[in-house]
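The values are calculated or read from the model by the stated rules, or taken from the named source; none is laboratory data. Fair warning: this is a prediction, and the values are worked out from it, not measured in the lab. Note that each Cβ is placed from the backbone with ideal geometry, even for glycine, and that neighbours are counted across all protein chains shown. Side chains are part of the model used for accessible areas, which takes the heavy atoms of the whole protein and leaves out ligands, DNA and RNA. Shrake-Rupley method; radii C 1.70, N 1.55, O 1.52, S 1.80 Å.
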Amino acid sequence: MSSFTLELTPAHHELVRRAHAFAEDVIRPAAPKYDQLQECPWDVVDEAARAGFYNALFYADLIADPTGLSLPLFLEEIFWGCAGIGLTTVLPALALSALNQAGTPEQIATWAPEMFGEPGDIKLAALAVSEPQGGSDVANLQTRARRDGGDWVLDGTKIWIGNGGIADVTVVNAVVDPDLGTKGQAMFVVPRGTPGMEQVRRLDKLGHRASHTAELSFTDCRIPGANLLGGDDKLEHKLDKARRGEGDSAALGTFEQTRPMVAAMALGVARASFEYACDYASRREAFGGPIIENQGVAFPLADLAADIDAARLLCWRASWMAANGVPFHLAEGSMSKLKASEVAVRAAEQAVQVCGGWGYVSDLPVEKWYRDAKLYTIFEGTSEIQRMVIGRTLATEAAKGPQHHQLPGDHGGLSRRFGHGSLARARAGEVFMKLAKHAPQSVLELGGRLASPGR
Ligand SMILES: Cc1cc2nc3c(=O)[nH]c(=O)nc-3n(C[C@H](O)[C@H](O)[C@H](O)COP(=O)(O)OP(=O)(O)OC[C@H]3O[C@@H](n4cnc5c(N)ncnc54)[C@H](O)[C@@H]3O)c2cc1C
């Protein structure tokens, strides 16, 4: 297991530098146009592919980083540029996450490249779980998948699907055994153009307008048996376990993995809003001075500075846990998503407030960020659902103390060199202090070196 660290490597810094430059030079200039048009920003996605930010291998590399930091670092920068364009470029990665979790190695090799395409031939992917009668209550999904000979046939309706109807690959969650709730569901790959899959309508949204969102219908939608993610044997095994009251939901497993990713996206919008508000408040003058000199303006921004950092630390911890296979016993993924999404909404709202009348009109970008931010408390599990997930751990897990009590250690840590952090070392320090004024310089220097914290 890799240790959790805040020490970024040169590779991390380079990734952040490149992603930030792309967000600033390519994404931000395109953002107002696509916000207005409410269309998929194909040209920006193509540029992202040319910059190496839009392919399955890139995401595989980010996910393989044992520090867990590459993925949130990258996402924060891209979403700092524009949340809608960011979402369009990242939606295939959310679908890829479902494919990686549920699919066989052969299925991953087949479908992952189809989710991204290549420069000049861009492809898109979608993950279709939510339905009109309810997105939070995943046990109540109605889209059915039934076997017919060697095929599967899908029937039902999905809504709010990012890239829905324009995706080359749609990963669809459907019920195969309604008696088993979420454990009776499976994931299927539906390629674009499959008869029976239709885009009912494109949805007109408050924010994230550079991301295409649609309602999809499946009517006698027939797909080959090979498009069941994981294959027949794995499904039968899973259903058998579910009948014995064991096992997990495919969709819920994907959400747990992707929640720190969504937290990082929200942090991008939070940081953009916060930076803009601080800069504006330093330049805008009222009553003879910059408005930031008023505590009424500076204190809410100071709270945001602390809360954005706190949310980022939760996000990085959850990402590190996901990268190292540490289970989210205390719902750490949900904690990161809850805090980051709520601070994004607050930061964007505060940015509008700080900018006053200018903040309310589209001359400045903050009104767009205000509209964009709200999505984070709704999708990939609403704030209430995150609180439910955290709440469920309270009775059984919270009393065990914070996560570090359960992590396997190397039994070295702080105390490995000269007993750093131990009581014996503290006592030795006290004795050393008492003797210091009588000791020669050379002994003091040696003592100082031993006393300095180990790195
Ligand atoms: C722009 C956008 C993009 C999206 N992209 C996708 C996508 O690509 N793929 C996909 O599958 N889905 C997507 N979604 C759907 C999204 O995940 C759902 O909207 C979300 O899960 C909430 O479901 P719902 O809208 O049905 O709300 P409901 O489940 O109807 O909830 C309504 C309200 O009731 C609250 N509530 C519900 N149950 C409880 C409870 N037990 N206790 C307390 N409060 C409760 C909720 O928190 C919420 O505030 C997207 C949504 C949007 C808006």
> Given the conditions (1) free of Cβ contacts under 8 Å to residues at least 40 places away in the same chain; (2) under 30 Å from Leu203 (Cα atoms); (3) open to solvent by 70 Å² or more (accessible area, probe 1.4 Å), which single one is not true for Glu14?
Replying inline: (2)
> Taking Cys278 and the conditions (1) at pLDDT below 95; (2) not assigned by TED's automatic domain parsing to the domain that holds Gly196, which numbered condition does it fall short on, given that it satisfies the others?
Replying inline: (1)
> Considering segment 119-129 alone, what residues qualify as being over 22 Å from Asp179 (Cβ atoms) and touching a residue at least 12 places away in the same chain (Cβ under 8 Å)?
Replying inline: Pro119, Gly120, Ile122, Lys123, Leu124, Ala125, Ala126, Leu127, Ala128
>> Scan segment 50-65 and tell me whether some residue there is farther than 24 Å from Asp168 by Cα and surrounded by 14 or more Cβ atoms within 10 Å (Cβ to Cβ).
In response: yes
>> Which numbered condition in (1) within 13 Å of the chain's Cα centre (by Cα); (2) closer than 23 Å to Gln199 by Cβ is the only one that Met115 fails?
In response: (1)
>> For segment 10-26, give me the residue count where each residue is more than 13 Å from Glu76 (Cα to Cα) and hydrophobic (A, V, I, L, M, F, W, C).
In response: 2
> Pairs, please: C-beta under 8 Å, at least 6 apart or cross-chain, first residue under 15 Å from Asp46 (Cα atoms) and in segment 101-118, second open to solvent by less than 70 Å² (accessible area, probe 1.4 Å) and of a type in the set (Asp, Glu)?
Replying inline: Glu114/Asp168; Met115/Asp168; Gly117/Asp168
>> Any residue at all in segment 208-219 that's open to solvent by 70 Å² or more (accessible area, probe 1.4 Å) and not in a helix (DSSP H, G or I)?
In response: yes
> Within the bounds of segment 92-103, is there any residue that is within 22 Å of Leu62 (Cα to Cα), among the aliphatic types (A, V, I, L, M) and in a strand (DSSP E or B)?
Replying inline: no
>> Of everything in segment 152-168, what is assigned to a loop (DSSP other than H, G, I, E, B) and either more than 10 Å from the ligand (Cβ to nearest atom) or on the phi < 0 side of the Ramachandran plot (or both)? Give them in sequence order.
In response: Gly164, Gly165, Ile166, Ala167, Asp168
> If we keep just the residues of segment 1-51 that are modelled with pLDDT of 95 or more and polar (S, T, N, Q), which is nearest to Gly86 (Cα to Cα)?
Replying inline: Gln38
>> Just to verify a result, which residue in segment 121-137, among those that are in a strand (DSSP E or B) and not hydrophobic (A, V, I, L, M, F, W, C), is nearest to Ala167 (Cα to Cα)?
In response: Asp121
> Here are some residues: Leu364, Leu330, Leu314. Which one is away from the ligand (no atom under 13 Å from the Cβ), of a type in the set (A, V, I, L, M, F, W, C), open to solvent by 10 Å² or more (accessible area, probe 1.4 Å) and under 22 Å from Arg284 (Cβ atoms)?
Replying inline: Leu364
> From the residues in segment 115-151 that are charged (D, E, K, R) and open to solvent by 70 Å² or more (accessible area, probe 1.4 Å), which one is nearest to the ligand (Cβ to nearest atom)?
Replying inline: Asp137
> Residues in segment 187-200 that are surrounded by fewer than 19 Cβ atoms within 10 Å (Cβ to Cβ) and within 14 Å of the ligand (Cβ to nearest atom): how many?
Replying inline: 1
>> Of everything in segment 146-166, what is touching a residue at least 60 places away in the same chain (Cβ under 8 Å) and small (Gly, Ala, Ser)? Give them in sequence order.
In response: Gly150, Gly156, Gly162
>> Looking only at segment 333-348, count every residue that is within 19 Å of Ala277 (Cβ to Cβ), open to solvent by 10 Å² or more (accessible area, probe 1.4 Å) and among the aliphatic types (A, V, I, L, M) and tell me the total.
In response: 1
> Residue check: is Asn173 within 12 Å of the ligand (Cβ to nearest atom) and touching a His at 6+ places or on another chain (Cβ under 7 Å)?
Replying inline: no
> Is there a residue in segment 177-186 that is within 23 Å of the chain's Cα centre (by Cα) and open to solvent by 20 Å² or more (accessible area, probe 1.4 Å)?
Replying inline: yes
>> Looking only at segment 353-386, count every residue that is acidic (Asp, Glu), in a helix (DSSP H, G or I) and free of Cβ contacts under 8 Å to residues at least 40 places away in the same chain and tell me the total.
In response: 1
